[in-house]
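K.L.:
Here it is: the structure, laid out below.
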Amino acid sequence: MSNYVKSSRFICLLLCLLLSVCIFSGCKKDDAASSSKDQSAVTTSMENTELVDQYKDKKHPTLPETKDLGGFEMLYASSNVKAILPEEGSSVEGDLILETLRITQDTYNCKINVVEVAYDGWGEAQAAILSGEQYANVIMPCVWQSGAFLQSRLCADYLTTEISQYIDMSQPWWNDTMAYASNVLGSVYAGASAIESPADYTYVIFFNKSIAADIGLGETELYDLWEKNEWNWDNFVKFAKLANKDLDGNGAVDTTNDRWGFVCPGYDCAQAFCSSAVVASVTTDDGMNPVYTFNTPHAITTLTKLNQLFTTDGIYCQESWNNELGTYEVMFKEGRALFYGRNLMRIYGTTFRGMEFDWGVLPIPIGPSENGGWQQKYMSRVDHNFRLCIIPSTVEDKASTALVLEHMTYEYYKIINEKIDTAATLYCRDDESVDVCNTIYNTSTFEISQFLYSINNMGWNNSVETRIRDIVKTPAYDVSGAVNAPAELAQQMINDYFNGV
């Protein structure tokens with residue numbers, strides 16, 4: 001890293017520390033971070049900073065500077081009200097959000113409100129929209145809850161003139177992989193707005209710097225691999241194997257009391273590894289020709305390698321996979337794991353702030369390429385609990401809805417990018433981690449399969465996606481047989497989803 005970057009980080013740190021107590025004392029796990037601009041390349045933190053600076057003190061580049069919407073009420077429906085409408089005075093960050101709302105309201109003479117929906121209460125919203133009610137201008141269910149809305153065609157198409165005159169998902173304040181994932185036969189039904197942060201929900205790899213030093217890794221060796229695009233599955237496994245250590249004296253690394261190379265919630269983290277290798281259970285040609293693809297040669301080869309990584313390579317602690325107790329995080333906190341796979345938002349929590357040892361952050365390692373070798377960019381799955389922006393098909397004034405949504409998304413983007421840099425500078429233990437955090441939004445990837453999780457009474461999840469769960473747990477798993485077995489049923493469910501059946 002250049003001295004210029006380090007100096008900039010040091011100055012930023014001094015400024016951030018002045019605000020740290022009030023900014024982050026109220027941070028929750030759903031706080032936002034940054035959005036996605038370009039999935040085709042990994043940028044450096046300086047490039048990311050320059051991107052944000054292009055817009056930081058500027059008005060939206062394409063929206064009308066003023067427009068009188070005559071007191072138009074913009075109503076959001078969300079399970080996370082505070083992300084849109086925080087309590088005044090609750091935090092500096094919350095007050096910044098409220099200020100952006102005032103800007104939007106004053107610019108377009110509108111009023112922004114939020115109705116709270118229970119986490120599992122979206123069935124009521126679906127029923128209301130089905131009956132013809134507007135319900136809200138924008139609903140924000142989790143990705144996995146959204147498939148029912150798309151399948152029933154209860155969503156407005158972002159590509160219609162009413163909406164697309166204001167919203168362009170190729171802009172950095174929208175995640176463009178969502179435009180692909182939610183494209184159903186040429187209509188884009190959901191958006192990943194900067195109102196919530198895809199980067200926060202994106203899976204990364206945390207590492208214990210003390211263990212890294214113990215196995216002979218230099219201070220910046222892992223970061224050097226990252227910068228050279230050589231942080232891949234093979235290097236990940238190589239170092240994880242070196243970290244295994246018998247701590248309880250029974251002659252084997254076989255319990256949570258030993259030191260392991262890798263811990264994580266197996267199913268979700270394995271899905272992130274799939275995205276890093278461009279392996280998905282369903283793909284389309286920009287929304288057309290949907291096909292089941294877990295049984296392609298590339299998928300089978302890669303899933304077989306993933307099975308080896310999680311089972312026979314001996315680096316992954318199966319017992320750490322306890323979602324109720326969070327054993328994976330406990331082990332990492334207490335120094336019994338070199339690598340820990342989880343989403344980026346963990347850095348905001350008290351666990352990471354209070355760790356005695358130094359830790360670093362890396363993206364999910366690059367996965368195998370279909371043509372041999374490795375993929376050309378870092379990619380990782382955004383967690384299925386990320387909240388989307390869907391405009392119900394029953395909304396009467398879609399143009400005003402799109403205008404306000406776009407303006408808010410833009411204003412939140414500027415705050416969000418500033419926040420992730422501030423948070424990373426405050427809580428990360430080295431400059432390189434801050435750099436990595438500032439590029440995670442480039443890796444944030446949504447998959448079409450995330451919309452299919454809940455269809456057919458969880459039929460897709462139970463019949464197709466749970467093959468990943470078995471791959472993670474069963475040594476020498478028959479991957480080819482497992483992914484080919486549900487192929488006919490999977491294709492039928494895909495067809496039903498895309499045809500609105």
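The values are calculated or read from the model by the stated rules, or taken from the named source; none is laboratory data. Please read these numbers as outputs of a predicted model, since none were measured by experiment. Neighbour counts run over all protein chains shown; Cβ positions are idealised from the backbone, glycine included. Heads up: the accessible areas ignore ligands, DNA and RNA and are worked out on the full protein's heavy atoms, side chains in. Shrake-Rupley method; radii C 1.70, N 1.55, O 1.52, S 1.80 Å.
K.L.:
Could you grab the pairs with beta carbons closer than 6 Å, sequence gap of 6+ or different chains, first residue in the stretch 353-374 and more than 29 Å from THR304 (Cβ to Cβ), second one small (Gly, Ala, Ser)?
P.N.:
The qualifying pairs are PHE357/SER210; PHE357/GLY335; GLY360/SER433.
K.L.:
Next question. For LEU96, only one of the following conditions fails: (1) open to solvent by 30 Å² or more (accessible area, probe 1.4 Å); (2) closer than 30 Å to ILE455 by Cα; (3) in contact (Cβ under 8 Å) with a residue 12 or more places away in the chain. What is its number?
P.N.:
Exception for LEU96: condition (2).
K.L.:
Tell me whether the stretch 343-356 contains one or more residues that are touching a Phe, Trp or Tyr at 6+ places or on another chain (Cβ under 7 Å) and at pLDDT 95 or above.
P.N.:
Looking through the stretch 343-356, at least one residue is touching a Phe, Trp or Tyr at 6+ places or on another chain (Cβ under 7 Å) and at pLDDT 95 or above.
K.L.:
Please identify the pairs in which a residue from the stretch 248-268 that is free of Cβ contacts under 8 Å to residues at least 60 places away in the same chain has its Cβ atom under 7 Å from the Cβ atom of a residue that is open to solvent by less than 20 Å² (accessible area, probe 1.4 Å) and not basic (Lys, Arg), counting only partners at least 6 apart or on another chain.
P.N.:
Sorted first by the residue in the stretch 248-268, then by its partner, the pairs are ASP248/ASP258.
K.L.:
Check the stretch 222-235 and report whether any residue there is under 21 Å from CYS274 (Cβ atoms) and more than 23 Å from the chain's Cα centre (by Cα).
P.N.:
Yes, because at least one residue in the stretch 222-235 is under 21 Å from CYS274 (Cβ atoms) and more than 23 Å from the chain's Cα centre (by Cα).
K.L.:
If you don't mind, there's one more thing I want to ask. Restricting attention to the stretch 204-216, does a residue exist that is open to solvent by less than 10 Å² (accessible area, probe 1.4 Å), part of a loop (DSSP other than H, G, I, E, B) and either more than 22 Å from TYR427 (Cβ to Cβ) or in contact (Cβ under 8 Å) with a residue 60 or more places away in the chain (or both)?
P.N.:
No, because not a single residue in the stretch 204-216 is open to solvent by less than 10 Å² (accessible area, probe 1.4 Å), part of a loop (DSSP other than H, G, I, E, B) and either more than 22 Å from TYR427 (Cβ to Cβ) or in contact (Cβ under 8 Å) with a residue 60 or more places away in the chain (or both).
K.L.:
Return the residues of the stretch 286-300 that are buried (at least 19 other Cβ atoms within 10 Å of the Cβ) and in contact with a Leu (Cβ under 8 Å, 6 or more places away or on another chain); say none if nothing qualifies.
P.N.:
GLY287, PHE294
K.L.:
Among the residues of the stretch 99-125, how many are open to solvent by less than 60 Å² (accessible area, probe 1.4 Å) and within 23 Å of ILE167 (Cβ to Cβ)?
P.N.:
The total comes to 14.
Per-residue answers, yes or no, for (1) buried (at least 24 other Cβ atoms within 10 Å of the Cβ); (2) under 17 Å from the mean Cα position of the chain (by Cα); (3) touching a residue at least 40 places away in the same chain (Cβ under 8 Å):
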{"residue": "ASP397", "(1), (2), (3)": "no, no, yes"}
{"residue": "GLU411", "(1), (2), (3)": "yes, no, yes"}
{"residue": "ALA424", "(1), (2), (3)": "yes, yes, yes"}
{"residue": "ILE440", "(1), (2), (3)": "yes, yes, yes"}
{"residue": "ILE455", "(1), (2), (3)": "no, no, yes"}
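K.L.:
Then there is this: Going through the stretch 235-280 one residue at a time, which ones are part of a loop (DSSP other than H, G, I, E, B), open to solvent by 10 Å² or more (accessible area, probe 1.4 Å) and charged (D, E, K, R)?
P.N.:
ASP246, ASP248, ASP254 - these are the residues of the stretch 235-280 that are part of a loop (DSSP other than H, G, I, E, B), open to solvent by 10 Å² or more (accessible area, probe 1.4 Å) and charged (D, E, K, R).
K.L.:
Let me ask something else. Of the residues TYR180, TYR201, which is aromatic (Phe, Trp, Tyr), touching a Phe, Trp or Tyr at 6+ places or on another chain (Cβ under 8 Å), in contact (Cβ under 8 Å) with a residue 40 or more places away in the chain and under 23 Å from ASN322 (Cβ atoms)?
P.N.:
Of TYR180, TYR201, the one residue that is aromatic (Phe, Trp, Tyr), touching a Phe, Trp or Tyr at 6+ places or on another chain (Cβ under 8 Å), in contact (Cβ under 8 Å) with a residue 40 or more places away in the chain and under 23 Å from ASN322 (Cβ atoms) is TYR201.
K.L.:
Answer with yes or no whether THR283 is closer than 30 Å to ASP430 by Cβ, in contact (Cβ under 8 Å) with a residue 40 or more places away in the chain, of a type in the set (Ser, Thr, Tyr) and open to solvent by 10 Å² or more (accessible area, probe 1.4 Å).
P.N.:
Against the criterion (closer than 30 Å to ASP430 by Cβ, in contact (Cβ under 8 Å) with a residue 40 or more places away in the chain, of a type in the set (Ser, Thr, Tyr) and open to solvent by 10 Å² or more (accessible area, probe 1.4 Å)), THR283 does not qualify.
K.L.:
Suppose we filter the stretch 91-127 for residues that are under 26 Å from the mean Cα position of the chain (by Cα), assigned to a loop (DSSP other than H, G, I, E, B) and of a type outside the set (D, E, K, R); how many remain?
P.N.:
5
K.L.:
Let me ask something else. Can you tell me which residue within the stretch 139-170, out of those that are without any contact (Cβ under 8 Å) to a residue 24 or more places away in the chain and not in a helix (DSSP H, G or I), is most open to solvent (accessible area, probe 1.4 Å)?
P.N.:
SER170
K.L.:
Just to be sure before I move on: is LEU403 touching a Leu at 6+ places or on another chain (Cβ under 9 Å), among the hydrophobic types (A, V, I, L, M, F, W, C) and open to solvent by 10 Å² or more (accessible area, probe 1.4 Å) in the structure I sent?
P.N.:
no
K.L.:
Quick one: ILE366 ticks every box in (1) under 30 Å from TYR76 (Cα atoms); (2) modelled with pLDDT of 95 or more except a single one, so which number is it?
P.N.:
ILE366 satisfies all of (1) under 30 Å from TYR76 (Cα atoms); (2) modelled with pLDDT of 95 or more except (1).
K.L.:
For the stretch 391-501, please list each of the helices (runs of 4 or more DSSP H) lying entirely inside it that holds at least 1 residues being closer than 21 Å to GLY367 by Cβ and modelled with pLDDT of 95 or more.
P.N.:
Helices (runs of 4 or more DSSP H) meeting the threshold: 449-452, 466-473, 479-484.
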